[in-house]
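Down below is the structure, laid out as structure tokens.
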Amino acid sequence: MSYIDGFIIAVPNAKREAFTTHATTFDTILMEFGATRVMECWGDDVPDGKLTDFRRAVQATEDESVVFSWIEWPDKATRDAGMAKFMKDPRLEGASDMPFDGKRMIFGGFVPVVSLPG
């Protein structure tokens, strides 16, 4: 069964194009290291909640959009090996100039329990 890494970040609206370029560059490297799919999704219908919501989770300001992303891996072992290679890759040296505040990123690894069509 597959393994999923999930991410939520706040990206300034003015940096949408820079984010897309950044994500394409680094997501391509993840694919080289075993990811089977990477999705970067710009918030389009992200409502405010009464107790919690995506915007509050990443402390998004009015001039930021929420980006919901995930990486699909064949299994956790491939993910662990791929992420280890990714973190050591010299192409990440430019990652310090991210078009978003990485300190507000929420991320985690997940084991699928339902997958349709499957």
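The values are calculated or read from the model by the stated rules, or taken from the named source; none is laboratory data. None of the values given here were measured: they were computed from a predicted structure. So basically every Cβ, Gly included, is an ideal-geometry build from the backbone, and we count neighbours across all protein chains shown. The accessibility values were calculated without ligands, DNA or RNA, using every heavy atom of the protein model including side chains. Shrake-Rupley method; radii C 1.70, N 1.55, O 1.52, S 1.80 Å.
For the range 1-24, the set of residues classified as crowded, with 16+ Cβ neighbours inside 10 Å and over 13 Å from the mean Cα position of the chain (by Cα) consists of S2, Y3, P12, K15, listed by residue number. Flag not set for S2, criterion: over 19 Å from L92 (Cβ atoms), in contact with a helix residue (DSSP H, G or I) (Cβ under 7 Å, 6 or more places away or on another chain) and polar (S, T, N, Q).
Answer yes or no: is there a residue in the range 99-109 that is under 19 Å from K15 (Cβ atoms), small (G, A, S) and out of contact with any Pro (no Cβ under 6 Å at 6 or more places or on another chain). Checking the range 99-109: at least one residue is under 19 Å from K15 (Cβ atoms), small (G, A, S) and out of contact with any Pro (no Cβ under 6 Å at 6 or more places or on another chain). In this structure, is D97 free of Cβ contacts under 8 Å to residues at least 60 places away in the same chain, open to solvent by 70 Å² or more (accessible area, probe 1.4 Å) and among the acidic types (D, E)? Yes; evaluated as a whole, the condition is true for this residue. Taking the conditions exactly as written (touching a strand residue (DSSP E or B) at 6+ places or on another chain (Cβ under 7 Å), of a type in the set (A, V, I, L, M) and in contact (Cβ under 8 Å) with a residue 24 or more places away in the chain), does I71 satisfy them or not? Yes, satisfied. For the range 58-76, filtering for residues that are more than 9 Å from I9 (Cα to Cα), surrounded by 15 or more Cβ atoms within 10 Å (Cβ to Cβ) and among the β-branched types (V, I, T) leaves 1.
State yes or no: is R55 over 17 Å from G108 (Cα atoms) and either open to solvent by 60 Å² or more (accessible area, probe 1.4 Å) or not in a helix (DSSP H, G or I) (or both)?
In short, no.
Of the candidates R56, R91, the single residue that is modelled with pLDDT under 95 and either under 17 Å from Y3 (Cα atoms) or not hydrophobic (A, V, I, L, M, F, W, C) (or both) is R91. Give the residue that is farthest from P117 (Cα to Cα), with candidates limited to residues of the range 25-52 that are assigned to a helix (DSSP H, G or I) and open to solvent by 80 Å² or more (accessible area, probe 1.4 Å). The selected residue is E32.
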